[in-house]
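The values are calculated or read from the model by the stated rules, or taken from the named source; none is laboratory data. Fair warning: this is a prediction, and the values are worked out from it, not measured in the lab. Cβ atoms come from the backbone with ideal geometry, glycine included; neighbour counts cover every protein chain shown.
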C-alpha cells in the first residue's frame, strides 16, 4: 500500500532535513575550532552534534522500508549542509591569515605605505625574481578582513602575486 503523506509526515521530513543541516553546520564550526585548538566549546558542540546524529538516524532507520521519504529528507539535509557549512565558514572567518605579496620593487614603497595607512603591519624585504628585483611584503590579517586587503593590494598593483595561508600567531600586531 502506498504511503499517504499527511501534514504530520511532512513535518517529520522537515525536521529530519533541518536536523541534518544543523548537524553539518556544527561539524563545520567544530572543524574550524579544532584548527584553532578551542577544546571546551568544541567538545560541547561535539556532544550536540552526536546527539542530533543519533536521534535523526534512529528516526530515519526505524521502519525504513515503509517510508523512503525520510531517507530522501536525510540525504537532502546532508547535501545542503555542505553548502551551508561553506557559507558559514566564510561568514565566521575565524582566525588569522598570513598574506604574502610579491610586487615590483618600483611600486613596493607605495603599496606598503597604503597598506600601513589602513592600519596593517607590513614587513618587507627584497628578493630576486627570474628577471628583476622584487619586493616581498608580509601582512598578518584577520580572515574577516582578507578580502578588503586583497582589494587594496590589487588596486595599487594589479600584477602583484598574492598568497594567503592560515596561521597561528603569538605576539606581534594583527589588524
Given the residues 122, 140, 136, which is the only one that is in contact with a helix residue (DSSP H, G or I) (Cβ under 6 Å, 6 or more places away or on another chain) and over 30 Å from residue 20 (Cα atoms)? 122
Kindly list, by first and then second residue, each pair from a residue in segment 115-136 that is on the phi > 0 side of the Ramachandran plot to a residue that is at pLDDT below 95 and surrounded by 12 or more Cβ atoms within 10 Å (Cβ to Cβ), limited to pairs with Cβ atoms under 9 Å and residues at least 6 apart or on different chains. 119/175
Selection from segment 36-68 of residues that are over 21 Å from the mean Cα position of the chain (by Cα), exposed (fewer than 12 other Cβ atoms within 10 Å of the Cβ) and not in a helix (DSSP H, G or I): 62, 63
Please pick out the residue among 26, 32 that is within 30 Å of residue 167 (Cβ to Cβ), touching a helix residue (DSSP H, G or I) at 6+ places or on another chain (Cβ under 6 Å) and assigned to a helix (DSSP H, G or I). 26
What strands (runs of 3 or more DSSP E) lie completely within segment 94-175 and have 2 or more residues being under 30 Å from residue 34 (Cα atoms)? 96-104, 133-142, 161-167
Among residues belonging to segment 69-101 that are closer than 14 Å to residue 9 by Cα and in contact (Cβ under 8 Å) with a residue 60 or more places away in the chain, point out the one that is nearest to the chain's Cα centre (by Cα). 73
